[in-house]
Amino acid sequence: MRPLFFAVHATDDSGRSRARIVNYHVPAARLVNPAPRDSAIPRPMRGLLQRLRNLLHPLYYMRKFSAGRWLIRLADKPAWISIPGVRFRVRGRLVTHGLAFSAAGSNEPAAEALALSCFECLGLKSFWDVGANIGSYTWLMKSSFPFLSAVLIEASPVNAALIGETLRRNDLSDVELIVAGASDSAGSGVLRLDSEAGATSTLDGDAKQTFEEEHWGVSSKRIAVPLVTIDEERSSRSSIDFLKVDVEGHEAAVLRGAERTISSDQPVILVECFHQGHACLKPLQDLGYRFVDGDRLTEDSQAHTSNYFGFPARFHELIDPILRSASERMKSQ
């Protein structure tokens, strides 16, 4: 049975569609006062901080110790942060997201550059962000392409609340948040929460340990969440041009639940995939998709690649120019 939901939808004076939240029994986000003046960090300093973060991984190692986790939680309060490339302030957590995005910049600059080049070179008009976290990919795409329509799907109530606050504060047209997990069937499932970093919550019931259990020795809380399929949600919406899937081990199930949509819409697909042998990509390759390395911007992927961009046959001839465009974006950052 399809879960009940509460939806908020609005249009402005011109009839333009504005933000819509499909809330599957998750409490509404609390409204907050506007943030203080912009505190974006200059690019040279951000570059230095990014190199230090990538070399030392300070939050990762602090979370290995109970005292470190306690100190991070003490400071890790909701805050309005600036993300490079995003034209509006975003709701996130002061330490976790402030360091990951605002202070040091993205952890995935190459993949973000390639996504932006896909929209620019191919003239794509719609973006589905499955496993949206706090919505950073959507906010980046929406800032560069304001008339883009976007759907975010996020199962974590905490992350969904942060996305909801960003939507409520900013005047974003044609953006929709679905508060649920994506899978291969609709109903309900169990989400294993990443209560520390908020980035590795998973619906993957086959995993022996979650990231925080394996690396930090912290037991994951389990909560019931509603499940939807992309095919079902797409049936009442326009076509999908770009599909991003980042669901911490549940990718194969999400893609099974999107088979009709992928067949009909032939979207560009970004999959963060850690499966042995990347088995979740094989059905797409059988449909004619060609995958490139989104971490290195090459057509040949390496064994430890995590971000794969899949292009349907209609875009195969444009892969090389898109990769070159993304490389140029990286040089200009």
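The values are calculated or read from the model by the stated rules, or taken from the named source; none is laboratory data. The model shown is predicted, which means the values in this text are computed figures rather than measured ones. Counting neighbours? That spans all protein chains shown, and the Cβs are built from the backbone with ideal geometry, glycine included.
Restricting Ala28, Ala100, Ala115, Ala110 to residues that are at pLDDT below 90 and under 21 Å from Ser144 (Cα atoms) narrows the list to Ala100. Criterion applied to Asp295, Asp246 was being within 23 Å of Ser106 (Cα to Cα), surrounded by 14 or more Cβ atoms within 10 Å (Cβ to Cβ) and over 15 Å from the mean Cα position of the chain (by Cα), and the one residue passing it is Asp295. Where residues in the range 154-183 are in contact (Cβ under 8 Å) with a residue 60 or more places away in the chain and of a type in the set (D, E, K, R), which of them is nearest to Arg91 (Cα to Cα)? The extreme case among them is Glu165.
All told, Ser236 falls short of being surrounded by fewer than 19 Cβ atoms within 10 Å (Cβ to Cβ) and in contact with a strand residue (DSSP E or B) (Cβ under 9 Å, 6 or more places away or on another chain). Given the criteria of a type in the set (Lys, Arg) and in contact (Cβ under 8 Å) with a residue 60 or more places away in the chain, does Arg237 qualify? Yes. So for the range 292-310 (the condition being farther than 16 Å from Glu112 by Cβ and of a type in the set (Phe, Trp, Tyr)), does at least one residue qualify? No, because not a single residue in the range 292-310 is farther than 16 Å from Glu112 by Cβ and of a type in the set (Phe, Trp, Tyr).
Could you tell me which of the residues Val268, Val247 is touching a residue at least 40 places away in the same chain (Cβ under 8 Å) and farther than 12 Å from Val130 by Cβ? Before you say what the answer is, go through the steps one by one.
On the way: Val247 fails: farther than 12 Å from Val130 by Cβ.
Sole residue among the options that is touching a residue at least 40 places away in the same chain (Cβ under 8 Å) and farther than 12 Å from Val130 by Cβ: Val268.
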